[in-house]
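The values are calculated or read from the model by the stated rules, or taken from the named source; none is laboratory data. This structure is a prediction, so every number in the text was calculated from the model and none was measured. Reconstructed Cβ throughout: ideal geometry from the backbone, glycine too, with neighbour counts over all protein chains shown.
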Amino acid sequence: MAVEDLQTAKETGDEEKVERAKKEVEKAEEKVEKAEEKVEKAKKEVNEAEEKVPGLEEKEESLTLLEKFAEELGDLEERILNSRINNIEERPFLERDEVIQSIVTEMKETQRLKINKPRVVCLWSPRGMGKSSVIRRLAKMDEFAESRRCGRLLIFDAAWIPSGQMSVEASTLVSAMVLWHLLQLLDGYGVKLAGQVVNFKRMDFKDVVEVVERRSRPTGSVNSFEAWVRSACTTKDDVFKQWCLVTAAAFNAQQDCACLVLLDQTELLVKQTLDQRSSLGGSRSRFTEVCSQFPQQMAVYCTVTINMQVDLPAEEYTRLVIKSLPALMPLSFKGAKEAMVQWGGTQYGEEVLDQIYLFSAGVPRLLEYVFQTDGKLASTFEIAFNAMSECFKNSYSSAAPFFDQPDVALSLVLCSAVRWNATDRELVPGTSTRWSDIFNAGAAFPDGASVLVPLVWWFRDQKRQKVLAQKARGLNISLEGLLPDPADLLQAPQQGPLSRGTLWEKQVCNALAARFYLYCLADHKTPCDTYAPFLEIYPTTDNHLRSVLEQFSVCWSDGVEHPDEEASVLDRVGKAIKSNKNIKNAHHDLLIPVKRIETGDLEYIAAQCCYGNPKTATELTKTCQNKAWKPRTSDPSSEVPDTNVLLQICSTSEGMQKFQKTTPWAKRQEEKRYSLMSCKAIIAPKKLLRLLPQLRVLRLNSAGLSAEGLRNAIEGLTERWLDGTEVLETSQSKEKDRAICTASTKCTSAAGSPNSRRPTTPAVTVCKLQVLEMASCNADAAVPDLALYLASPCCSLTELDLSWNSLGPHAVQQLGWHLRQNVTLRSLKPKTQLLLAGVVVKGQRD
């Protein structure tokens, strides 16, 4: 009424009436405030009266009073950790330290920032990557020790929320999480609060929700916990306040002891979308609603199998900030091997472990299944494969449908094999399926900027493999060449780096062709009409290689061809990478068609493939790699045309090679006509080549090697192979002077006297070479390096044949000196000269 009078007075313009009306409005507002105070007082009196009604408050048994307890509860881990998350067992925690440190840093950042809304640190990864193990490790960190001891570390798994309660008010769910945490933490204890003892007993989460909602308010008696919730926890803010008061009373928690929240499996909340958009562009869900209820500056961390930021323009919501961290990556081979040892279950041999790693792609959950097998045949790959297949059925059944769609499956397999870049918001090349859906199903796993598809998902399924191989063959891409069967490699008749070199050549050319195909699919381009920048197909961070490749664009719509006659750089340029692998003693391994961007001229880049160290300048010159073809005796080298550009594709180096400045190769390199390419950025399954059988015998008898060639071959015996397995067998190889592909960690010593050539301590090798035959060779020049090898711990020789070699006195003396330090040799031919030098070989003392 007073408000209406005031409005009338204003309309008539009577100032006196306006003033009187204002006073009446003020009096009316005072009456309303007094009435509201009376109502609140009456409600409080009713509540107090209800609590004092005889029989309404339940008589409880006396529980142990926990008051200012300054130590850690004996079973604290069971109370706050093991009973909270699905990962109960202690699992190997490997290659996750940087992730842990990032999480801790971001949680501290949340506490430091002065923001007006909650901030959640979120780690997303497909299932089975170790997210729950990360939570377990965080819960045990020293940085959170005091919060953990005092009960201010809340760990909650969203799986505890019943499906029927997912729609409950967000503030109610958060209040229930805190109260449920206190019940679990203080189960069996009483805590004195405001003069009253509150007894805490474990309850199911759904029952705690009902207590918060007042649905469980009985007509009879209530216990002290329910009475305390009704009187002291009427709002969400009250609950957080009481969390601090309870832990202060029970554990003497200080004011500066932070409350922390760790949430697991929050994808269950993310999937509960609300079909509403945040004013800042985000998609609202139960997750955003729940997380926005936490106090500002409270450190909250959550794990989720879905990247919630896929479609968001930013990380900020109207009432929430989400800080996303990069997905967990699969374990490296070293990490997988360490996990096997730490698990303490089945211990596999090196060859079997290699296969396990290739088929599992380093996914922790697959490895867990494998390393926990038992039985007599537990150490065989067949048992390991069955265990991984069982894991696929149990944990990744949602991935299977993607491999029943040939287009999607082939793109997934190729992207994994050639390290194709993939982000959640993009589509799988050539499909309408997003990578986020692939990751969520576990059909592939993020590996930095690229993806990995475990071979076990499809490789041994004959129907799927046949369909994929045929589809790839239609593109002139060999899936077998890109991803050879590990079982076939183990049974390969050829041994050593030459056999690796052949496989390496196949992987290189098919990887390049596959990346061009994926490029066209991703950009919706017709392959036969598309010229892509070479650097788009082969991304490299090396400046020199970039300067060489940026001159060209490529069109490889015809995939890979294997001509019946040797291809050369002078052939008509087509749209297929030509491989000479079927041509004996071919001059160049690959001819790569390119178009010069500046002039539009078509030409071939010649490529030499080598699984190991690159050829030296001497070797390059001797084999005329700078020429269009290998000069014949009737062709003077000067009359053979030069190659325009030569790439040496080796597995160890990329970019510029060290040449003496005066050599033609140094000049060619400066002119951007030569470079090294490692293909590390485009070939994921390089570890497949580890599986080739190890070399036992090296025969160089009458091989026709030059003195320098033999010396280079023997020099390789003092070095380790790149994969740490063996040295090379060679007989009738494509290049006689290239008997051994050598690699890192050389056992060096200065030239000179026998004493000065004693080896330094080398890196341990697992070389298995047992027999070395060098009959009728120019062995004199090779003696210094041979002697060095015989005296080193790397040596595994049991038989050495130097028959029909005219060794000089110095060579005999040097060899004899080092033979005295050898502990493996059992047979030496001939022994006459060496016996005269005072050498007695073990096993030949007669």
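Can you confirm whether Glu368 is in the same structural domain as Gly349 (by TED's automatic domain parsing), in a helix (DSSP H, G or I) and in contact with a Phe, Trp or Tyr (Cβ under 8 Å, 6 or more places away or on another chain)?
It is true that Glu368 is in the same structural domain as Gly349 (by TED's automatic domain parsing), in a helix (DSSP H, G or I) and in contact with a Phe, Trp or Tyr (Cβ under 8 Å, 6 or more places away or on another chain).
Quick one: which residue in Met677, Met656 is among the aliphatic types (A, V, I, L, M), touching a residue at least 40 places away in the same chain (Cβ under 8 Å) and surrounded by fewer than 19 Cβ atoms within 10 Å (Cβ to Cβ)? Working first, answer last.
Details: Met677 fails: surrounded by fewer than 19 Cβ atoms within 10 Å (Cβ to Cβ).
Only one candidate qualifies: Met656.
Given the residues Lys627, Lys584, which is the only one that is of a type in the set (D, E, K, R) and in contact (Cβ under 8 Å) with a residue 60 or more places away in the chain? Walk me through it before giving the result.
Numbers: Lys627 fails: in contact (Cβ under 8 Å) with a residue 60 or more places away in the chain.
That would be Lys584, the only listed residue that is of a type in the set (D, E, K, R) and in contact (Cβ under 8 Å) with a residue 60 or more places away in the chain.
Quick check on Gly344: is it without any contact (Cβ under 8 Å) to a residue 40 or more places away in the chain, surrounded by fewer than 18 Cβ atoms within 10 Å (Cβ to Cβ), at positive phi and of a type outside the set (Val, Ile, Thr)? Steps first, please.
Values: without any contact (Cβ under 8 Å) to a residue 40 or more places away in the chain: yes; surrounded by fewer than 18 Cβ atoms within 10 Å (Cβ to Cβ): yes; at positive phi: yes; of a type outside the set (Val, Ile, Thr): yes.
Judged against the criteria, Gly344 is a match.
Say we look at segment 268-297 and pick out the residues that are farther than 18 Å from Trp124 by Cα and at pLDDT 85 or above; which of these is surrounded by the most Cβ atoms within 10 Å (Cβ to Cβ)?
Kept after step one, since they are farther than 18 Å from Trp124 by Cα, are these residues of segment 268-297: 274-281, 289, 292-297.
The next check asks that each one be at pLDDT 85 or above; those that pass are 289, 292-297.
Values: Glu289: 21, Ser292: 20, Gln293: 21, Phe294: 24, Pro295: 14, Gln296: 13, Gln297: 14.
My answer is Phe294.
Which of the residues belonging to segment 72-98 are surrounded by fewer than 19 Cβ atoms within 10 Å (Cβ to Cβ) and touching a strand residue (DSSP E or B) at 6+ places or on another chain (Cβ under 8 Å)?
Asn86
Go through segment 565-618 and tell me which strands (runs of 3 or more DSSP E), entirely inside it, have 1 or more residues that are out of contact with any Pro (no Cβ under 9 Å at 6 or more places or on another chain). Please lay out each step first, then the result.
Working: elements: 577-579, 590-596, 602-610.
Answer list for segment 565-618: 590-596, 602-610.
Among the residues of segment 659-679, which ones are part of a loop (DSSP other than H, G, I, E, B), closer than 15 Å to Thr540 by Cβ and not polar (S, T, N, Q)? Give the derivation first.
Quick first cut of segment 659-679, residues part of a loop (DSSP other than H, G, I, E, B) only: 659-663, 671-673, 678-679.
Still in the running and closer than 15 Å to Thr540 by Cβ: 672, 678-679.
Once the filter is applied, which keeps residues that are part of a loop (DSSP other than H, G, I, E, B), closer than 15 Å to Thr540 by Cβ and not polar (S, T, N, Q), segment 659-679 yields Lys672, Cys679.
Evaluate segment 137-154: report whether one residue or more is in contact with a Leu (Cβ under 9 Å, 6 or more places away or on another chain), touching a residue at least 24 places away in the same chain (Cβ under 8 Å) and over 22 Å from Thr105 (Cβ atoms).
Checked segment 137-154: at least one residue is in contact with a Leu (Cβ under 9 Å, 6 or more places away or on another chain), touching a residue at least 24 places away in the same chain (Cβ under 8 Å) and over 22 Å from Thr105 (Cβ atoms).
Can you tell me which residue within segment 426-470, out of those that are of a type in the set (D, E, K, R) and within 22 Å of the chain's Cα centre (by Cα), is nearest to Pro685 (Cα to Cα)? I'd like the intermediate steps shown before the answer.
So in segment 426-470, the residues of a type in the set (D, E, K, R) come out as 426, 434, 437, 447, 460-461, 463-464, 466.
Adding the requirement that they be within 22 Å of the chain's Cα centre (by Cα) leaves 426, 434, 437, 447.
Numbers: Glu426: 24, Arg434: 24, Asp437: 24, Asp447: 13 Å.
Filtering first and then ranking leaves Asp447.
Being part of a loop (DSSP other than H, G, I, E, B), modelled with pLDDT of 70 or more and surrounded by 10 or more Cβ atoms within 10 Å (Cβ to Cβ) is the requirement here; does Ile103 meet it? Spell out the reasoning first.
Working: part of a loop (DSSP other than H, G, I, E, B): no; modelled with pLDDT of 70 or more: yes; surrounded by 10 or more Cβ atoms within 10 Å (Cβ to Cβ): yes.
So Ile103 does not fit the description; no.
Looking only at segment 111-121, decide whether some residue is touching a strand residue (DSSP E or B) at 6+ places or on another chain (Cβ under 7 Å), among the hydrophobic types (A, V, I, L, M, F, W, C) and over 30 Å from Ser436 (Cβ atoms). Even if it seems obvious, please write down each step before you answer.
Looking only at segment 111-121, we keep the residues that are touching a strand residue (DSSP E or B) at 6+ places or on another chain (Cβ under 7 Å), and these are 111, 113, 115, 117-121.
From the residues that got through so far, the ones that are among the hydrophobic types (A, V, I, L, M, F, W, C) too are 113, 115, 120-121.
From what's left, over 30 Å from Ser436 (Cβ atoms): none.
There is no residue in segment 111-121 that is touching a strand residue (DSSP E or B) at 6+ places or on another chain (Cβ under 7 Å), among the hydrophobic types (A, V, I, L, M, F, W, C) and over 30 Å from Ser436 (Cβ atoms).
Just to be sure before I move on: is Ser231 touching a Lys or Arg at 6+ places or on another chain (Cβ under 6 Å), in a helix (DSSP H, G or I) and under 23 Å from Ala250 (Cβ atoms) in the structure I sent?
On the way: touching a Lys or Arg at 6+ places or on another chain (Cβ under 6 Å): no; in a helix (DSSP H, G or I): yes; under 23 Å from Ala250 (Cβ atoms): yes.
Considered against the rule, which asks whether it is touching a Lys or Arg at 6+ places or on another chain (Cβ under 6 Å), in a helix (DSSP H, G or I) and under 23 Å from Ala250 (Cβ atoms), Ser231 comes out as no.
Within segment 606-618, can one find any residue that is modelled with pLDDT of 90 or more and either of a type in the set (Asp, Glu) or closer than 19 Å to Arg572 by Cα (or both)?
yes
Answer yes or no as to whether Ala327 is outside any loop (DSSP other than H, G, I, E, B), within 22 Å of Ala444 (Cα to Cα) and either of a type in the set (Asp, Glu) or touching a Phe, Trp or Tyr at 6+ places or on another chain (Cβ under 7 Å) (or both).
Details: outside any loop (DSSP other than H, G, I, E, B): no; within 22 Å of Ala444 (Cα to Cα): yes; either of a type in the set (Asp, Glu) or touching a Phe, Trp or Tyr at 6+ places or on another chain (Cβ under 7 Å) (or both): yes.
No.
Of all residues in segment 484-521, count the ones that are more than 21 Å from Ser579 (Cα to Cα), among the small types (Gly, Ala, Ser) and at pLDDT 95 or above.
0
Examine segment 298-311 for a residue that is touching a strand residue (DSSP E or B) at 6+ places or on another chain (Cβ under 6 Å), modelled with pLDDT under 85 and not aliphatic (A, V, I, L, M), and state whether such a residue exists. Lay out the reasoning, then the answer.
We begin by selecting, within segment 298-311, every residue touching a strand residue (DSSP E or B) at 6+ places or on another chain (Cβ under 6 Å); these are 299-304, 307, 309.
After this cut, where a residue has to be modelled with pLDDT under 85 as well, the list is 307, 309.
From the residues that got through so far, the ones that are not aliphatic (A, V, I, L, M) too are 307, 309.
Yes, segment 298-311 contains a residue that is touching a strand residue (DSSP E or B) at 6+ places or on another chain (Cβ under 6 Å), modelled with pLDDT under 85 and not aliphatic (A, V, I, L, M).
Is it fair to say Cys795 is crowded, with 19+ Cβ neighbours inside 10 Å, modelled with pLDDT of 50 or more and within 27 Å of Ser651 (Cα to Cα)?
yes
On the given criteria, is Arg460 surrounded by fewer than 18 Cβ atoms within 10 Å (Cβ to Cβ) and over 20 Å from Lys525 (Cα atoms)?
Details: surrounded by fewer than 18 Cβ atoms within 10 Å (Cβ to Cβ): yes; over 20 Å from Lys525 (Cα atoms): yes.
The answer is yes for Arg460.
Which of the numbered conditions does Val168 fail, given that it passes all the others? Conditions: (1) surrounded by fewer than 22 Cβ atoms within 10 Å (Cβ to Cβ); (2) touching a residue at least 60 places away in the same chain (Cβ under 8 Å); (3) more than 35 Å from the chain's Cα centre (by Cα).
(2)
Answer with yes or no whether Ile477 is under 20 Å from Ser398 (Cβ atoms), in contact with a strand residue (DSSP E or B) (Cβ under 9 Å, 6 or more places away or on another chain), buried (at least 16 other Cβ atoms within 10 Å of the Cβ) and touching a residue at least 12 places away in the same chain (Cβ under 8 Å). Working first, answer last.
Numbers: under 20 Å from Ser398 (Cβ atoms): no; in contact with a strand residue (DSSP E or B) (Cβ under 9 Å, 6 or more places away or on another chain): yes; buried (at least 16 other Cβ atoms within 10 Å of the Cβ): yes; touching a residue at least 12 places away in the same chain (Cβ under 8 Å): yes.
For Ile477, the condition - under 20 Å from Ser398 (Cβ atoms), in contact with a strand residue (DSSP E or B) (Cβ under 9 Å, 6 or more places away or on another chain), buried (at least 16 other Cβ atoms within 10 Å of the Cβ) and touching a residue at least 12 places away in the same chain (Cβ under 8 Å) - is not met.
State yes or no: is Ser416 closer than 20 Å to Gln465 by Cβ, out of contact with any Lys or Arg (no Cβ under 7 Å at 6 or more places or on another chain), of a type in the set (S, T, N, Q) and at pLDDT 90 or above? Step through it out loud before you land on a result.
On the way: closer than 20 Å to Gln465 by Cβ: yes; out of contact with any Lys or Arg (no Cβ under 7 Å at 6 or more places or on another chain): yes; of a type in the set (S, T, N, Q): yes; at pLDDT 90 or above: yes.
It is true that Ser416 is closer than 20 Å to Gln465 by Cβ, out of contact with any Lys or Arg (no Cβ under 7 Å at 6 or more places or on another chain), of a type in the set (S, T, N, Q) and at pLDDT 90 or above.
Out of the residues in segment 146-183 meeting the condition of being part of a strand (DSSP E or B) and of a type outside the set (Asp, Glu), tell me which one is farthest from Thr305 (Cα to Cα). Walk me through how you get there before you give the answer.
The first filter runs over segment 146-183 and keeps only residues part of a strand (DSSP E or B), leaving 153-157.
From what's left, of a type outside the set (Asp, Glu): 153-156.
Numbers: Leu153: 23, Leu154: 21, Ile155: 18, Phe156: 16 Å.
By that ranking, first place goes to Leu153.
Restricting to segment 529-580, give me the number of residues that are buried (at least 18 other Cβ atoms within 10 Å of the Cβ), at pLDDT below 95 and more than 21 Å from Tyr674 (Cβ to Cβ).
1
Mind checking which residues of segment 424-458 are in a loop (DSSP other than H, G, I, E, B) and closer than 17 Å to Gln405 by Cβ?
Our first condition is that a residue be in a loop (DSSP other than H, G, I, E, B); within segment 424-458, this holds for 424-426, 428-433, 442-444, 448-449, 453-454, 458.
Hits for segment 424-458 are Val428, Pro429, Gly430, Thr431, Ser432, Thr433, Gly442, Ala443, Ala444, Val453, Trp458.
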